[in-house]
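Have a look at the structure below, then the notes.
The values are calculated or read from the model by the stated rules, or taken from the named source; none is laboratory data. Keep in mind the model is a prediction, meaning the values are calculated, not measured. With ideal geometry, Cβ positions are generated from the backbone for all residues, glycine too; neighbour counts draw on all protein chains shown. Just the protein is used for accessible areas: all its heavy atoms, side chains included, with ligands, DNA and RNA removed. Shrake-Rupley method; radii C 1.70, N 1.55, O 1.52, S 1.80 Å.
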Amino acid sequence: MAHLSQHEVEACRQTFAQFDKTGAGTVSTHEVPSILTALGYYTTEEDVAAHTHQDDGEGNTEFGLEDVLRLIESRKQLSAADTDDTDTVEAFVALGGKADRSGKVLVEKLRNTIKCFAGV
C-alpha cells in the first residue's frame with residue numbers, strides 16, 4: 001500500500017475539516033471527489049461509491065477522515081501502477097523497436113496489428 005507522508009496526512013486533515021461543516025468528523029460521499037480534487041487527486045462519485053461498498057459492504061453515505069485517507073492511498077497505489085511501462089516497452093519491441101526504447105516502428109505494421117486486435 002502506498003503510504004502517505006505526514007505532510008499529505010496534514011493537508012488531507014485540513015481540507016477535510018473545511019468540508020466537515022458540522023464538525024461531526026464525517027462528510028457526505030458527494031463531497032469526497034471535491035476533497036480529493038483539492039488535494040490533487042481525481043476521482044468520481046462512482047469511484048467513491050465503489051470504495052464504500054468495498055470497505056464495509058453497505059455503501060455508507062458518510063466518509064470519515066480515515067476513509068478519505070484510505071481512498072487517497074488507493075489512488076496513489078493505482079497511480080504508481082500506471083507508471084510501470086513494461087507492457088508498452090514489450091509491445092514496442094514486438095513491433096520492431098528496441099528494449100532500450102530506441103528504434104522505430106513502421107506505421108503499416110502498427111496499423112496491421114491494431115486491425116488484427118480490433119478484428120477488422
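When residues of segment 89-104 are filtered for being open to solvent by 80 Å² or more (accessible area, probe 1.4 Å), closer than 21 Å to Phe117 by Cα and not in a helix (DSSP H, G or I), how many remain?
Matching residues across segment 89-104 total 1.
Does Leu71 meet the test of being surrounded by 13 or more Cβ atoms within 10 Å (Cβ to Cβ) and modelled with pLDDT of 90 or more?
Against the criterion (surrounded by 13 or more Cβ atoms within 10 Å (Cβ to Cβ) and modelled with pLDDT of 90 or more), Leu71 does not qualify.
Tally time: how many residues in segment 6-25 are of a type in the set (Ser, Thr, Tyr) and either open to solvent by 50 Å² or more (accessible area, probe 1.4 Å) or touching a residue at least 60 places away in the same chain (Cβ under 8 Å) (or both)?
1
Out of all the residues in segment 32-41, is one or more open to solvent by 40 Å² or more (accessible area, probe 1.4 Å), under 15 Å from Leu71 (Cβ atoms), in contact with a Phe, Trp or Tyr (Cβ under 7 Å, 6 or more places away or on another chain) and not in a helix (DSSP H, G or I)?
no
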